[in-house]
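Before any comments, here is the structure.
FYI, it's all coordinate maths here, none of it is from the lab. Since we're looking at a predicted model, the values are computed, not measured. Positions of Cβ are backbone-derived with ideal geometry, glycine not excepted, and every protein chain shown enters the neighbour counts.
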Amino acid sequence: MKKLFSAVLVLMLVLSLAACGKKSETTGKEDKKITVGVVQTNANESDWRTANTNSINKAFEEAGFETKMVFGEGDHAKQISQAQQLIQEEVDYLVVLGLQSAGWEDVAKAAKEAGIPFIMADRKLDLPEDLYTAMVCSDFEAEGKKAVDWLKKQNLPSYKIVVLGGDTGSSAQLGRSKAIEEGAAANGWEIVFNQNMKGWDENLAKQAVADLIASGTEFNVIYAENDNMARGACDAMSAAGITYGKNGDVKVIAFDANKWALEKVLAGEFNLDVECNPLHGPRIVKLIKQLEAGEKIEKNVYVEEEVFDCDTITREMIDARSY
Amino acid sequence: MTKKNEKAGNDLMKHIKPVIRHRLFIPIVFLIFLLLINIFIKPGFLKIGLGKDINGNPVLIGNIINILNNSTELVILAIGMSFVTACSRGQDISVGSTIAIVGGVVMRVLCGNETQPTELKAPVIVAFILGCLAGMLCGAFNGILVSRFNIQPMVATLILFTAGRSLGSMAMGGLKPKAVASFSYYGNFFPGFPIPTPILITAAVIIITCIAMKKTNLGLYTRAVGINDKSSRLNGIEPSRIKFMSYVIMGLCVGIAGFIQASRVQTVNPYTIVPGIEMDAILAVALGGNSLGGGSLNLPGSIVGAYTIQTLTSMLTTLNVNTNAIPVFKAVIIIVLVAIQTPAVKRLFGRKTQAAKPALGGGKESA
């Protein structure tokens, strides 16, 4: 019996090896395969980034592209040299998810001279229109404005807002902070606290909110620029006996809309979560296919993003999401 | 009348002089100075109230409690960093990254391969011990590089500084799990007990360190190696062993700090956990009056330094200082703190309080 079992195993192994060999042969025969160079930020800096990386890899694999993905690991200069390296390797398309929005002119020019279409994703880079081909970007200011609109509709008797910002200078922080600052100025709301947390860190947000509570600062809105900081703020409020969320005293607004955060929206712990869509893969594939077919594409289209309100969210909406 | 006053003044000076010349004088004065600024701006700053959390458990709420609570990691790291600085004449810049590794190990042990586990996969004590072991292993790695291969501490620890956060992510299997609420007791409150657990852990660590300093020759040996390798070898102390040990102690401190940090929010993001804490820990050591060139070991100073930094951080939050101004604000205060402890300023200070008595050497300080 044992012998038979091992014989079957060996046979399976041989067959699978053979299958592998065959596959690589066929790919070898396809000489014209589209190579896409991707300059990513970090592999796993957040749940959002993981979903983002996976989406790109998966979509490219399904489309039959060859992917060359490199990671800047938090280093802006490294990203630029990586991008230039990819241009020298003569990839067919260059996709850049920049850590910072500035300083990409030389790369874009080099790509243009080499005839490589330059697609920017995630953050919009500071480039003149003629230097890039297309973009798959989130409009962070528009995200913030969605939250501001929602806040306006709540008709609170007074607005005392705590703004927990992300990493100083990242475009997500700049856009989202700008939206709430302008919204508050336009509507006469009071921002009682506005600081950026290093690394979008959950624990720093928690400590900041705990300090505010201890020093007697009154607030009734938490505007946290990502899901984790919102969770940290909720922890601090729980520890001090302050109620929050759907039936609480403090309204909690979060950004990014990770799946676990939507569970919190459904549970009524967060009032609102504004999506920041990480599923760039299929969009980039679509763009590249259009470019390959010689179709005209629109340059400045932002990714569509939703908001999730604790009053309207349903279980189906959460289950339908992949990240 | 005037004579009596003068005499009383002299008597007073006799009592004040040793206080002023005490090596903890300046760090403590600064801590008090910061607290006074806070009280001046927010009169309720020192108030501690007994509140209830959302489940009805009693909890202490107050700025002082927050400072004591949130400085835990920094205090523990400052103790380890003092040993490393004193004997190896350099700093361990990998502590933040090593905390990411420890946090990764702790989360992996507690959560396994699930992102939202409904129970702890292992007893917390196992996670704690494995976390400490991971920290000590990293410390041992740094220690070997420094003590056996004589690599400069900052260069040796640069390796883990660079790789640590990625290693932490690997330890977690690339997942971002969130452990169940019962793991939060160690970084927050035990239900029904109003004092935050980290404060108790800090107290325990400080007491254990005190006992170790009193009962063993660790402090003496550490300083001896820091002052002069060769002469301590001639006196029968093996410098490389002491250096190695100091890095392992640092690793243990990192292990404890990482465990608490993981427990605070029951999740770990290796790429962003404790951003920049290595610099704060080094700063705490410097504020405590230790020479960063080694040879002095002033543990109480480092601890007071750590509390000073946390007070400053907390102050910047409660005062809602503009984000862009925070680094400048911090830098100005730190420059003042460090400058006042330099020999040049001390001499000026000394001439006023005590006429031309030679200042005590930094190397003679004891813990």
- Can you put A:SER177, B:SER184, A:SER322 in order of Cβ neighbours within 10 angstrom, beginning with the fewest? A:SER322, B:SER184, A:SER177
- Item | Net charge, A:ASN196 excluded, C-beta distance under 9 Å - Lys, Arg +1, Asp, Glu -1 | -1
- Chain lengthening between B:SER182 and B:ILE20 when straightened (0.36 nm per residue, less Cα-Cα): 53.6 nm
- Once the dipole of the stretch B:81-216 is set up with Lys and Arg at +1 and Asp and Glu at -1 on Cβ about the Cα centre, which of B:GLY164, B:VAL146, B:ILE125 lies farthest towards its positive end? B:VAL146
- For the stretch A:218-323, state the average projected area of the convex hull of the C-alpha atoms over all orientations, rounded to one decimal in nm². 8.1
- Taking the Cα-to-Cβ direction at B:ALA325 and at A:ASN155 and moving 7 Å from each Cα, how far apart do the two end points lie in nm? 3.8
- Using alpha-carbon pairs under 8 Å, 6+ residues apart, how would you state the relative contact order of chain B in percent? 28
- Ranked A:TYR323, A:TYR132, criterion: other C-beta atoms within 10 Å, fewest first: A:TYR323, A:TYR132
- Message: Please report the spacing between the Cα centers of the stretch A:242-309 and the stretch A:201-222 in Å, no decimals.
- Response: 25
- Task: Taking chain B as the reference, fit the longest principal axis to its C-alpha atoms, fit the long axis of helix B:72-88 to the helix C-alpha atoms, and give the angle between the two in degrees, 0 to 90, nearest 10.
- Result: 70
- Note on the structure: Note, B:GLU73: beta-carbon cut-off 11 Å, +1 each Lys/Arg, -1 each Asp/Glu, net 0
- Task: Averaging sequence separations of C-alpha pairs under 8 Å and six or more residues apart, then dividing by the length of the stretch B:182-297, give the relative contact order as a whole percent.
- Result: 35
- Message: With +1 on the Cβ of every Lys and Arg and -1 on the Cβ of every Asp and Glu, and nothing else charged, how large is the dipole of chain A about its Cα centre, in debye rounded to the nearest 20?
- Response: 1000
- Message: Run the simple label-point estimate for B:ILE39 and A:ASP319 please: 7 Å along Cα→C-beta, distance reported in nm.
- Response: 6.0
- Query: Charges only on Cβ, +1 for Lys and Arg, -1 for Asp and Glu: so what's the dipole of the protein assembly as shown about the Cα centre, in debye to the nearest 20?
  - Reply: 3920
- Please report the Cα spread of the protein assembly as shown along all three principal axes, rounded to whole Å, starting with the longest. 101, 70, 62
- When we measure straight from the Cα of B:LYS178, which aspartates and glutamates land under 18 angstrom away, once same-chain ones fewer than 8 places off are left out? A:GLU45, A:ASP47, A:ASP201, A:GLU202, A:ASP227, A:ASP235, A:ASP256, A:GLU263, A:GLU269, B:GLU114, B:GLU119
- Item | Most mobile of A:PRO157, A:PRO282, A:PRO117 in a GNM of chain A (Cα contacts under 10 Å) | A:PRO157
- Message: At a threshold of 8 angstrom on Cα-Cα distance, excluding pairs fewer than six apart, so keeping six or more, what relative contact order does chain A reach in percent?
- Response: 15
- Here are some pairs, A:LYS178/A:LYS251; B:LYS47/B:LYS330; A:LYS264/A:LYS299; A:LYS124/A:LYS289; B:LYS47/B:LYS176; A:LYS152/B:LYS42; which of them have Cα atoms lying more than 28 Å apart in this structure? A:LYS264/A:LYS299; B:LYS47/B:LYS176; A:LYS152/B:LYS42
- Item | Exposure proxy order (Cβ contacts within 10 Å, fewest to most) of A:HIS76, A:HIS280, B:HIS22 | B:HIS22, A:HIS76, A:HIS280
- Message: If I take the Cα coordinates of chain A and project them onto the principal axes, what are the three extents in Å, biggest first?
- Response: 69, 66, 32
- Highest-MSF residue in chain B out of B:SER302, B:SER314, B:SER82 [GNM, Cα springs under 10 Å]: B:SER314
- Simple Cβ-charge dipole of the stretch B:144-235, Lys/Arg +1 and Asp/Glu -1, about Cα centre, in debye nearest 20: 160
- Determine which aspartates and glutamates satisfy two conditions relative to A:LYS58: a Cα distance under 12 Å, and not lying fewer than 8 residues away in the same chain. A:GLU66
- Message: Which of A:ILE313, A:ILE297, A:ILE116 ends up with the largest GNM mean-square fluctuation for chain A, with Cα atoms connected below 10 Å?
- Response: A:ILE297
- Ratio Rg/Rh, restricted to the stretch B:21-364 and using Cα atoms, in which Rh is the Kirkwood radius: 0.98
